[in-house]
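The structure appears right after this line, and notes come after that.
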Amino acid sequence: MYDAVARKLAAGEVVILDGGTGTHIQARGAPMDAEDWCAQANMSHPDVVKAVHADYLAAGAEVITANTYATAPVLFDSKGRSDEVPVIDRTAVRLAHEAVDEHADREIAIAGSMSVMRKVTAGADRTQNVDVTPERARDLMKMKADVLAEAGCDLLVMEMMRDLDHSLMATEAAVATGLPVWVGISVERRDDGELTGFDDHSHTLAELVPALMATGAHACCVMHHDITLTDDAIAIIKAGWDGPFGVYPESGVFKMPHWDFGDIEPDDFAAQGKTWCKAGATIVGGCCGIGPEHIKALHGAVHHG
């Protein structure tokens, strides 16, 4: 179902993403795991996961993201649980397909999310280092990318990319599947004012964009970032990439394993979304803390406002 998305992007039209998958799973009442965040919901609360996708479809999303972000292969491998990743991910993709089959009256693309998530400190949003060889990390990234492709994803979205180590390995593995790949870079402002990868200040956004997009990815996004950083991030992306780009920020803060939701109003979010589109963004949506009501308002503002 990526053809419809590809046609819109080629024509310079806007594609509406969903909002935060994991945080809306939490909002709908599924328990968050102290180690795996929202990953186990695919197995323990499949009806909730399907309902989350249905909510975003009703709001107007044209791309929904399977709940596969938290099954980060390096994280699960560090706990001796890498064999669980294919099982959970196949279930997540199946649930996304079922939601589309049951609730969508239009062409919908299903994205498989890949992350470089590592163990997160309890009550915080910062990750801990994992001792893994580059060879093992590449094998793990390939495993996850191949599973998502085989399970039936229409595209792969690299989420919270922030370095030129595991993020580059993950993106290369995704591109190697032959599926369209969107690179989502998460940023924060370093003490010197530069935008860098979130929780990894070794590379600026200006360095990350060309390096990650040189893999053959199709679109570049800034995502899971404070919304106030968006304008600066867009300018940097446009300077380093001349293809389709997108924006999907967060609202709130992660205090592992729960998300503390922010207070941005849907209409305010939608108004900002229109400015991103005017700046050239053709992929817009939300990340953690952005829910169906925000996506509905965004859809209305972009397509009918």
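What lysines does Lys255 reach when the alpha-carbon gap must be under 16 Å and sequence neighbours fewer than 8 apart in one chain are set aside?
Lys119
Against the empirical 2.2 N^0.38 Å scaling, what ratio does the C-alpha Rg of region 15-139 come to?
For region 15-139, the normalised Cα radius of gyration is 1.08.
With no solvent and one point on each alpha carbon, what is the Debye value of log10 I(q)/I(0) for region 64-194 at q = 0.17, 0.19, 0.21 Å⁻¹?
-0.88, -1.05, -1.23
Below 8 Å between Cα atoms, with a sequence gap of 6+, how large is the relative contact order for region 28-174 in percent?
Result for region 28-174 is 25 percent.
What is the chain's relative contact order, in percent, from Cα pairs under 8 angstrom and six or more apart in sequence?
20
I want the antiparallel fraction of DSSP beta bridges within region 131-226, as a percent rounded to 5.
About 40 percent, rounded to the nearest 5.
Given the chain, what percent of its DSSP beta bridges are antiparallel, to the nearest 5?
Bridges in the chain that DSSP calls antiparallel: roughly 30 percent.
For region 167-291, what D do you get in µm² per second when you plug the Kirkwood radius from alpha-carbon pairs into Stokes-Einstein at 37 °C and 0.692 mPa s?
It comes out at roughly 219 µm²/s.
Roughly how much of Trp182 is accessible, in Å² to the nearest 10, using a 1.4 Å probe?
10
For Lys238, give me every one of the aspartates and glutamates with a C-alpha distance below 20 angstrom, ignoring sequence neighbours fewer than eight places off in its own chain.
Excluding near neighbours in sequence, the set is Glu13, Glu159, Asp163, Glu188, Glu194, Glu207, Asp226.
What list of ³J(HN,Hα) couplings, whole Hz, do you get for region 251-259 from phi and the Karplus terms 6.51, -1.76, 1.60, once you set θ to phi - 60° and write x for glycine and proline?
8, x, 8, 8, 10, 2, x, 10, 9
Placing +1 at every Lys and Arg Cβ and -1 at every Asp and Glu Cβ, with all other atoms neutral, what dipole size does the chain have around its Cα centre, in debye to the nearest 20?
Taking the Cα centre of the chain as origin, the dipole is about 260 debye.
Once you have the Kirkwood Rh of the chain from its Cα pairs, apply Stokes-Einstein at 10 °C and 1.306 mPa s and quote D in µm²/s.
This corresponds to a translational diffusion coefficient of 85 µm²/s.
The values are calculated or read from the model by the stated rules, or taken from the named source; none is laboratory data. All values reported here derive from a predicted model rather than from experimental measurement. Glycine also receives a Cβ, built like all others from the backbone with ideal geometry; neighbour counts cover every protein chain displayed. What goes into the accessible areas is simple: the full protein's heavy atoms, side chains included, and nothing from ligands, DNA or RNA. Shrake-Rupley method; radii C 1.70, N 1.55, O 1.52, S 1.80 Å.
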